[in-house]
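Here's the structure, in structure tokens; my notes come after.
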Amino acid sequence: QVQLVESGGGLVQAGGSLRLSCAASGRTFSIYAMGWFRQAPGKEREFVSGISRSGGKTYYADSVKGRFTISRDNAKNTVYLQMNSLKPEDTAVYFCAARRIITSTLQSDYDYWGQGTQVTVSS
């Protein structure tokens with residue numbers, strides 16, 4: 001079992017930056033691949049980024065590639081999402097998720113979810 005708590009969301013102007021954090025409970029954080037997803041109003045939840053257990057492999061949706069950076073600190077049981085050059089279309093609730101062993105872009109593959117943090121980008 002792992003519990004996830006996101007933080008770092010907020011209101012930012014277009015072109016600005018935010019850093020999301022997701023803190024995980026438990027002693028076995030390093031066995032979980034982690035992902036970030038987002039859901040905008042009236043839209044399906046979508047994959048944003050994923051990271052392998054060691055942090056050696058990262059994955060991004062085309063819409064955020066080159067602007068967002070995912071990282072993790074296994075000693076702190078935390079995964080981060082650095083978001084730069086934010087656009088109004090990045091506005092959404094951002095969720096972190098965990099699954100054992102292998103990273104996936106499919107939300108159905110993830111076993112544990114945080115409660116989400118709101119990111120609003122104004123134009």
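The values are calculated or read from the model by the stated rules, or taken from the named source; none is laboratory data. What you see is a predicted model, and the numbers here were worked out from it, not measured in a lab. Neighbour counts are summed over all protein chains in view; Cβ atoms, including those assigned to glycine, are modelled from backbone coordinates with ideal geometry. Ligands, DNA and RNA are excluded from the accessible area calculation, which covers all protein heavy atoms including side chains. Shrake-Rupley method; radii C 1.70, N 1.55, O 1.52, S 1.80 Å.
Data overview
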{"read-out": "Lysines with Cα under 26 Å of LYS43, excluding same-chain neighbours fewer than 8 positions away", "value": "LYS65, LYS87"}
{"read-out": "Computed lengthening from VAL5 to ASP62, 0.36 nm per intervening residue step minus Cα-Cα distance", "value": "18.0 nm"}
{"read-out": "Principal axis dimensions, largest first and in whole angstrom, of the stretch 4-58 by Cα", "value": "36, 22, 21"}
{"read-out": "Fraction of antiparallel bridges per DSSP, the chain only, in percent to nearest 5", "value": "90 percent"}
{"read-out": "Student exercise, the chain dipole from Lys, Arg, Asp, Glu Cβ charges, in Debye to nearest 20", "value": "320 debye"}
{"read-out": "Whole-Å distance, taken between Cα centres, linking the stretch 80-104 and the stretch 2-65", "value": "3 Å"}
{"read-out": "Accessible-area composition of the chain, carbon plus sulfur, in percent [1.4 Å probe]", "value": "47 percent"}
{"read-out": "The chain, relative contact order [Cα under 8 Å, separation at least 6], %", "value": "36 percent"}
{"read-out": "Where TRP36, TRP113 fall by accessible area, highest first, once all protein chains stay in place (1.4 Å)", "value": "TRP113, TRP36"}
